[in-house]
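Take a look at the structure below.
The values are calculated or read from the model by the stated rules, or taken from the named source; none is laboratory data. A quick note: this is a predicted structure, and the numbers were derived from the prediction, not measured. Using ideal geometry, Cβ is built from the backbone for each residue, glycine included, and neighbour counts are taken over all protein chains shown. Side chains included, ligands, DNA and RNA excluded: accessible areas come from the protein's heavy atoms. Shrake-Rupley method; radii C 1.70, N 1.55, O 1.52, S 1.80 Å.
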Amino acid sequence: MLKRLFIPHHGNDYKPHLLHHKRVWFYGIFLALLKVIIIATVLLAPEQAWLSDDALARQANNITTLTNELRLKNNLSVLAVNTILDNSANLKAEDMNANNYFSHTDKLGRGLDYYLKQVDYKYNFAGENLAVGYIDAKTVVKAWQKSPTHYANIIDKDFKELGISIVSGQYQGKSASFIVSHFGSPAGKTVAGSMSPLARGGEAEGVGASVAGVKIPTPGIFQTALDKYFAAKTTFSDWFGGEFQFANSIYYIFFGIFAFALFTTIFIEIKRQHPHLIINGMGILVLIFFLIKI
């Protein structure tokens, strides 16, 4: 049976049955339907699934990773995660959510220095990046990268550590996430060649000019269904058995099976080539590759 499926020989007229039109179409439709089911599941899932504590924690970790990747590309040291800065960022995010605003200054006129004081964080320099509405870490960091003031925080050589907080809530009547990134240089750790907070044109308490002032709000979590799908690939990639990994495992298995059948068709009986079988094999491999990538 396996020989008929994979190996060209006299018994199958030198045409491996796996590459016959009907079988290729059957497996192609089956594999495509598997992806359709996954896409439908993602698109029908409520937005609150992306705002669960676990999902937000994953995205916070991803923001840290992407931030450090940008710093490494600029030949800068990575930022260490500081739980005290996590707490100050969380205070800020919770306050924006509770009081329905999006600004570096809260409704009582308090800025970054206030929130750092609340957690007793001592620093030489500090900075803050904000975002609202976004949920995918890549989208957030790309938006910050496009904003000169936010990007300046990310690649500031004086900063040595950071804290991230993402809080789910409502903004302008829609479900949203408030993202806060706090950067710091601990007091007592002088950076060679760095200027004092006042020399940098900073505010009181050493909050330097690196405190970004540009807003990048988005009215809602996802702008398009495509945004929602690709956010799910990063947010839920290793949840409940890994829906995406499970599907890709199936795709890789079928890719290997059809690649082997195509290889035997081409090379075992070189003098007995069947172009339509080769086209079928290449076609199904291209389809599987595409399904893995999307």
Identify all residues within the range 269-279 that are among the hydrophobic types (A, V, I, L, M, F, W, C) and modelled with pLDDT under 90; write none if there are none. Ile270
Going through the range 109-119 one residue at a time, which ones are assigned to a loop (DSSP other than H, G, I, E, B) and at pLDDT below 95? Gly109, Arg110, Gly111
Picking from Asn99, Asn68, Asn62, Asn75, the residue that is over 20 Å from the mean Cα position of the chain (by Cα) and open to solvent by less than 70 Å² (accessible area, probe 1.4 Å) would be Asn99
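Quick check: anything in the range 252-266 modelled with pLDDT under 70 and either crowded, with 16+ Cβ neighbours inside 10 Å or in a loop (DSSP other than H, G, I, E, B) (or both)?
no
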Of Asn90, Asn124, Asn100, which residue is within 22 Å of Lys138 (Cα to Cα) and among the polar types (S, T, N, Q)? Asn90
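For the range 247-273, what are the residues that are free of Cβ contacts under 8 Å to residues at least 12 places away in the same chain and either within 15 Å of Phe289 (Cα to Cα) or not assigned by the TED database to the domain that holds Trp25 (or both)? Working first, answer last.
Filtering the range 247-273 for residues free of Cβ contacts under 8 Å to residues at least 12 places away in the same chain gives 249, 253, 256, 263, 267, 270-271, 273.
Listed by number, the residues that qualify are Ser249, Ile253, Gly256.
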For Phe125, indicate whether it is under 22 Å from Asn82 (Cβ atoms), touching an Asp or Glu at 6+ places or on another chain (Cβ under 7 Å) and at pLDDT below 95. yes
Go through the range 15-47 and give me each residue that's at pLDDT below 90, in contact with a helix residue (DSSP H, G or I) (Cβ under 9 Å, 6 or more places away or on another chain) and within 17 Å of Phe246 (Cα to Cα). Ile38, Ile39, Thr41, Val42
Restricting to the range 130-154, count the residues that are in contact with a Leu (Cβ under 9 Å, 6 or more places away or on another chain) and part of a strand (DSSP E or B). 0
Complete set of residues in the range 155-189 that are at pLDDT 90 or above, not in a strand (DSSP E or B) and not aliphatic (A, V, I, L, M): Asp156, Lys157, Asp158, Phe159, Lys160
Mind checking whether some residue in the range 4-15 is in the same structural domain as Gly133 (by the TED database), open to solvent by less than 60 Å² (accessible area, probe 1.4 Å) and among the polar types (S, T, N, Q)? no
